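One structure is given here, and the rest of the page talks about it.
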Amino acid sequence: MKLLSQLLNGLNAGSIYALIAIGYTMVYGIAKMINFAHGDIIMVGAYIVWLAIAVLGLPVPLGLLIGVAACALLGILIEKIAYKPLRKAPPLAVLITAIGVSYFLQSASLLIFSSEKQTFPVTLALPSITLGELVIPGQTLLILIVTAVCMAALTFFINRTKAGSAMLAVSEDKDAAQLMGVNVNKTISMTFAIGSALAAVAGILFSSSYVYVYPTMGSLVGIKAFVAAVLGGIGSVPGAMLGGILLGLVESLSKTYISNQMSNAIVFGILIIVLLVKPSGLLGKSRPEKV
Amino acid sequence: MAMLEIKDLQVYYGVIQALKSISFDVNQGEVIALIGANGAGKTTILHTITGLVPAKGGSITFEGHDLLKTPAHEIVSLGMAHVPEGRRIFADLTVLDNLKLGAYTRKDKKEIADTLQMVFKRFPRLEERKSQIAGTLSGGEQQMLAMGRALMSHPKIILMDEPSMGLSPLFVNEIFDIIKEVSASGTTVLLVEQNAKKALSIADRAYVLETGKIVLSGDAKELMDDDSVKKAYLGE
């Protein structure tokens, strides 16, 4: 029973990692860059929901919707302002800019909201389910369902819609996609919007279970989600899903059975081992560079 | 008036001038060949026409549209398809998905399905392999896919960049036969080739490029008999 409930805990955390990891991997696939500000989108999303519901007193569903929409918009803005001018710049310049954007978002929220922790205004949960001795907490249930729905919708979008196939085409070859009539800029904006919207969903789920909202809340969870994306194979959406879930499971099991303090070390240790054995990640492609 | 008119085109890569005042035209229904050595600027011309490379000066007019002022992704819907050098198929997608992307700007599902049947009729091998991942096709099949993908946009003119590159002689003949068929079906062809002999054999007119300039132009059959062309490009 202990094992089962720890597995559930792992799925819970892993779902959140997976939702965030998808954003990293989609942006990498299309823009060939790591958007280190992605983790901070989670924090911005949580603050906006807090503002909308706790400060402005808007109804909960509307507040959540505003949070997700605002993050999608923020993702588009960040790309347009910070990354688009650097599309032909060396990768190092883009990397430094991404770290800069991350600090900018954290510092801006520190100025606006101060370092004081705010309480997330809603607890989102379904009724708990009891199966014999095993109790599936309502929050976990909600997180699993929301994540499953998001992933199914995203998979459908990528594989079954025209905009999704444009995204695949741009991630493989921008020039060739353009020759097909795909608007590359619009497709990149769309990718940032989807990734950031998923990060906002993750931020809402995260804050709803961990209660507090504060300026640096996105850092560690963002880095771990990045690890999950690399573990699964950066650029691969199914890889990000798998990597996130695996990471959550490993973390939860090592916290319980090995050592609470060591759990992060174990998580990052596994990343190192996987990268040594399979540098392209679990589901990543290792294709020789085209000439 | 010519279908495609290029006037005084100037293109720079950084400080290096890749095209020095290029002017030529393509009339409806013609097969025009651009021949010349590696680095003469043939590919750059095609890239500038379809907006992959910006021009510093000059003009490109296609059926009255100023292509230098048209966003690159809108050019294909004017009726111009480009089969790029090196094929540039989407290697991770299936053959069918590649072909569907070729029809990305078209709306009418029925017409797209008709074009797909036409492409499959012209390239039966693509139909046999429609569910296969494109990257696993042979070089010749990938070239066919690139051509089929371009035809999916139902173009008035098709620009082809080195379609014979890296192919076995058997495939080269097949590809040139298909170019002839495409031309016979009413599509205008602008062909860039290093295989000058083959290109001149199917072209109506040709332009010879040397280091970013057109040095010779005229009827393809006459160019084939031209001594300087023979010596420089036909290996005779």
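Quick one: which of B:145, B:151, B:170 is out of contact with any strand residue (DSSP E or B) (no Cβ under 8 Å at 6 or more places or on another chain), farther than 30 Å from residue B:8 by Cβ and crowded, with 18+ Cβ neighbours inside 10 Å?
After applying the criteria, what remains is B:145.
If you check residue B:128 against the conditions, is it away from chain A (no Cβ under 14 Å), open to solvent by less than 40 Å² (accessible area, probe 1.4 Å), charged (D, E, K, R) and without any contact (Cβ under 8 Å) to a residue 24 or more places away in the chain?
no
Counting only residues that are within 19 Å of residue A:242 (Cβ to Cβ) and within 14 Å of chain B (Cβ to nearest Cβ), which one in the stretch A:116-165 is least open to solvent (accessible area, probe 1.4 Å)?
Per the criteria, the residue is A:158.
Could you run through the stretch B:88-105 and say how many residues are open to solvent by less than 40 Å² (accessible area, probe 1.4 Å), within 9 Å of chain A (Cβ to nearest Cβ) and within 26 Å of residue B:3 (Cβ to Cβ)?
4
Just checking, how many residues over the stretch B:223-236 are out of contact with any Lys or Arg (no Cβ under 9 Å at 6 or more places or on another chain), surrounded by 13 or more Cβ atoms within 10 Å (Cβ to Cβ) and not aliphatic (A, V, I, L, M)?
2
Which is of a type in the set (Val, Ile, Thr), under 17 Å from residue B:160 (Cα atoms) and more than 14 Å from the chain's Cα centre (by Cα), of B:192, B:208, B:215?
B:208
Across the stretch B:148-193, what is the number of residues that are closer than 15 Å to residue B:82 by Cα and within 13 Å of chain A (Cβ to nearest Cβ)?
Summing the residues that are closer than 15 Å to residue B:82 by Cα and within 13 Å of chain A (Cβ to nearest Cβ) in the stretch B:148-193 gives 12.
Test residue B:43 against the stated conditions and say whether it is closer than 29 Å to residue B:113 by Cα, within 14 Å of chain A (Cβ to nearest Cβ) and not small (Gly, Ala, Ser).
Criteria not met by residue B:43.
Inspect all residues belonging to the stretch A:196-209 and state whether any of them is open to solvent by 20 Å² or more (accessible area, probe 1.4 Å) and of a type outside the set (A, V, I, L, M).
So far as the stretch A:196-209 goes, yes, one or more of its residues are open to solvent by 20 Å² or more (accessible area, probe 1.4 Å) and of a type outside the set (A, V, I, L, M).
Looking at (1) in a helix (DSSP H, G or I); (2) modelled with pLDDT under 95, which is the only condition residue A:33 fails?
The number of the failed condition is (1).
So residue B:12 clears everything in (1) at pLDDT 95 or above; (2) outside any strand (DSSP E or B); (3) over 20 Å from residue B:206 (Cα atoms); (4) open to solvent by 40 Å² or more (accessible area, probe 1.4 Å) except one condition, right? Which one?
(2)
Let's see how each residue does on (1) surrounded by fewer than 20 Cβ atoms within 10 Å (Cβ to Cβ); (2) within 12 Å of chain A (Cβ to nearest Cβ); (3) within 21 Å of residue B:1 (Cα to Cα):
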{"residue": "B:52", "(1), (2), (3)": "yes, yes, no"}
{"residue": "B:59", "(1), (2), (3)": "yes, no, yes"}
{"residue": "B:82", "(1), (2), (3)": "no, yes, no"}
{"residue": "B:85", "(1), (2), (3)": "yes, yes, no"}
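Within the stretch B:187-198, count every residue that is modelled with pLDDT of 95 or more and either among the small types (Gly, Ala, Ser) or touching a Pro at 6+ places or on another chain (Cβ under 7 Å) (or both).
Here the count works out to 1.
If you scan the stretch A:172-183, which residues turn out to be surrounded by fewer than 22 Cβ atoms within 10 Å (Cβ to Cβ) and more than 7 Å from every other protein chain (Cβ to nearest Cβ)?
A:174 - this is the single residue of the stretch A:172-183 that is surrounded by fewer than 22 Cβ atoms within 10 Å (Cβ to Cβ) and more than 7 Å from every other protein chain (Cβ to nearest Cβ).
If the requirement is being modelled with pLDDT under 95 and of a type in the set (A, V, I, L, M, F, W, C), which of these qualifies: A:221, A:170?
Just a single option satisfies the conditions, and that option is A:221.
Do we have residue B:6 as under 22 Å from residue B:223 (Cα atoms), of a type outside the set (Asp, Glu), without any contact (Cβ under 8 Å) to a residue 60 or more places away in the chain and crowded, with 23+ Cβ neighbours inside 10 Å here?
For residue B:6, the condition - under 22 Å from residue B:223 (Cα atoms), of a type outside the set (Asp, Glu), without any contact (Cβ under 8 Å) to a residue 60 or more places away in the chain and crowded, with 23+ Cβ neighbours inside 10 Å - is met.
Given the condition of a type in the set (S, T, N, Q), open to solvent by less than 60 Å² (accessible area, probe 1.4 Å), within 14 Å of chain A (Cβ to nearest Cβ) and in contact (Cβ under 8 Å) with a residue 40 or more places away in the chain, answer yes or no: does some residue in the stretch B:70-77 qualify?
For the stretch B:70-77, residues of a type in the set (S, T, N, Q), open to solvent by less than 60 Å² (accessible area, probe 1.4 Å), within 14 Å of chain A (Cβ to nearest Cβ) and in contact (Cβ under 8 Å) with a residue 40 or more places away in the chain: absent.
What helices (runs of 4 or more DSSP H), lying completely within the stretch B:178-236, carry at least 1 residues that are under 20 Å from residue B:6 (Cβ atoms)?
Passing ranges, in order: B:196-202, B:220-225.
Starting from the stretch B:207-233, take each residue that is within 16 Å of residue B:195 (Cα to Cα) and list its partners that are basic (Lys, Arg) and part of a helix (DSSP H, G or I), counting only C-beta distances under 7 angstrom and pairs at least six apart or across chains.
Matching pairs, first to second residue: B:209/B:42.
Kindly establish whether residue A:168 is free of Cβ contacts under 8 Å to residues at least 40 places away in the same chain and either farther than 18 Å from residue A:22 by Cβ or surrounded by 12 or more Cβ atoms within 10 Å (Cβ to Cβ) (or both).
yes
Among the residues of the stretch B:58-69, write down those that are on the phi > 0 side of the Ramachandran plot and in contact (Cβ under 8 Å) with a residue 40 or more places away in the chain.
B:58, B:63
Working carefully through the options A:237, A:291, find the one that is over 24 Å from residue A:110 (Cα atoms), within 14 Å of another protein chain (Cβ to nearest Cβ) and modelled with pLDDT of 90 or more.
Result: A:237 is the single residue among A:237, A:291 that is over 24 Å from residue A:110 (Cα atoms), within 14 Å of another protein chain (Cβ to nearest Cβ) and modelled with pLDDT of 90 or more.
Any residue at all in the stretch A:78-90 that is surrounded by fewer than 20 Cβ atoms within 10 Å (Cβ to Cβ), of a type in the set (Val, Ile, Thr) and in contact (Cβ under 8 Å) with a residue 12 or more places away in the chain?
No.
Does residue B:134 fit the bill of being surrounded by 21 or more Cβ atoms within 10 Å (Cβ to Cβ), over 16 Å from residue B:76 (Cα atoms) and within 14 Å of another protein chain (Cβ to nearest Cβ)?
So residue B:134 fits the description; yes.
The values are calculated or read from the model by the stated rules, or taken from the named source; none is laboratory data. Quick caveat: nothing in here was measured; it's all calculated off a predicted structure. Neighbour counts run over all protein chains shown; Cβ positions are idealised from the backbone, glycine included. All accessible areas refer to the heavy atoms of the entire protein, side chains included, with ligands and DNA or RNA removed. Shrake-Rupley method; radii C 1.70, N 1.55, O 1.52, S 1.80 Å.
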